[in-house]
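Q: Could you have a look at this structure, given as structure tokens, before my questions?
The values are calculated or read from the model by the stated rules, or taken from the named source; none is laboratory data. Being a predicted model, the structure only gives us computed values, none of them experimental. Note that we place each Cβ from the backbone using ideal geometry, even for glycine, and neighbour counts take in every protein chain shown. Each accessible area value is taken on the protein alone, full model and side chains, heavy atoms only, with ligands, DNA and RNA left out. Shrake-Rupley method; radii C 1.70, N 1.55, O 1.52, S 1.80 Å.
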Amino acid sequence: MKLLLTIVQDQDALPLLEALVQEDYRVTKLASTGGFLQAGNTTLLVGIEDEQVEDVIGIIRETCRPRGKTITPLAPQGAMAESYIPFPVKVSVGGAAVFVIDVEQFVRV
Ligand code: 2BA
């Protein structure tokens with residue numbers, strides 16, 4: 001058994017959740033925050049059999065798309081602060097970051 005720990009943009013979370021539930025997958029949705037942008041994103045936990053991994057990754061691929069985000073890095077502290085000129089930087093976020101984790105045991109009680 002595998003656990004797909006899947007980090008997606010908030011805009012993609014609901015369509016992905018619905019697509020997975022539609023296909024009878026069980027999903028848990030968690031609110032999360034990306035360390036780099038410090039913006040909200042969504043983490044989905046999907047527990048599946050080994051042979052379902054490719055199908056679920058296919059659904060994630062179809063549902064989640066990359067988007068450009070523009071950020072302005074924070075001003076440095078100390079000596080460099082006065083010469084700091086805010087300069088927006090564009091990064092591409094998503095479609096999804098997926099960790100495929102081996103599950104030793106799954107028990108529902
Ligand atoms: P964030 O950490 O907020 O990162 C958002 C986007 O910023 C990343 O998109 C990437 O394009 C860029 N980025 C992140 N760290 C960077 C760095 N050190 N230098 C330059 N650019 C950087 P994605 O790669 O699509 O990641 C989207 C979100 O997925 C991340 O949000 C984070 O919450 C999660 N994530 C991605 N890779 C991860 C990993 N190896 N471990 C844990 N979480 C991860």
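Q: On average, how much accessible surface per residue is there in the chain, in Å², for a 1.4 Å probe, leaving out ligands, DNA and RNA? Could the numbers behind the result be given before it?
A: On the way: 7760 Å² over 109 residues.
With the other protein chains kept in place, the chain gives 71 Å² per residue.
Q: Can you give the angle from 0 to 90° between the axis of helix 53-63 and the longest principal axis of the chain, with both taken from C-alpha atoms, to the nearest 10?
A: 50 degrees
Q: Under the rule that an exposed site lies in a DSSP loop and has at most 13 other Cβ atoms within 10 Å, name the longest stretch of the chain with no GluC sites (Glu not before Pro) of that kind, not counting the sites themselves.
A: It runs 50-103.
Q: Could you check the spin-label model distance between Ser83 and Glu18? Points 7 Å from the Cα along Cα→Cβ, value in nm.
A: 5.3 nm
Q: Can you tell me the orientation of helix 10-22 relative to the chain, as the angle in degrees between its alpha-carbon axis and the longest Cα principal axis, to the nearest 10?
A: 0 degrees
Q: I'd like the carbon and sulfur percentage of the solvent accessible area for the range 1-89, probe radius 1.4 Å, heavy atoms only, ligands and nucleic acids excluded.
A: Accessible surface attributable to carbon and sulfur in the range 1-89 totals 55 percent.
Q: Leaving out ligands, DNA and RNA but keeping every protein chain, what accessible area does Ile85 have, in Å² rounded to the nearest 10, with a 1.4 Å probe?
A: Here the residue's solvent-accessible area equals roughly 130 Å².
Q: A further question on this structure: Can you give the accessible area of Val21 in Å² (nearest 10), computed on protein heavy atoms with a 1.4 Å probe?
A: Estimated to the nearest 10 Å², Val21 gives 80 Å².
Q: Let me ask another. Farthest toward the dipole's positive end in the chain, which of Gly40, Leu4, Val109, given Cβ charges of +1 (Lys, Arg) and -1 (Asp, Glu) about the Cα centre?
A: It is Gly40, whose Cα lies furthest towards the positive end.
Q: Say each of Thr33 and Glu104 gets a label point 7 Å from the Cα, pointing the same way as Cα to Cβ; how far apart are those two points in nm?
A: Each label point is offset 7 Å from its Cα along the Cβ direction, giving 3.1 nm.
Q: Let me know the longest stretch in the chain that avoids all trypsin sites (Lys or Arg not before Pro) found in a DSSP loop with at most 11 other C-beta atoms within 10 Å.
A: Numbers: sites that count: Arg26, Arg108.
Longest site-free region, per DSSP loop and neighbour criteria: 27-107.
Q: Residue by residue through the range 83-91, what is 3J(HN,Hα) from phi via Karplus (6.51 cos²θ - 1.76 cosθ + 1.60, θ = phi - 60°)? Round to whole Hz and write x for glycine and proline.
A: 8, 6, 10, x, 9, x, 10, 9, 10
Q: Now a separate question. Once every DSSP H run of n ≥ 4 in the chain is given -39500 (n - 2.57) and the sum is divided by its residues, what mean residue ellipticity at 222 nm do you get, rounded to the nearest 500 deg cm²/dmol?
A: -7000 deg cm²/dmol
Q: Amide H to amide H under 5 Å from Asn41: which residues, 5+ apart in sequence or cross-chain, H placed 1.01 Å off N in plane?
A: Ser32, Thr33, Gly34
Q: On a 1.4 Å probe surface of the protein chains, which of Asp102, Asp10, Asp24 comes out largest in accessible area, and what is the full order?
A: Asp24, Asp102, Asp10
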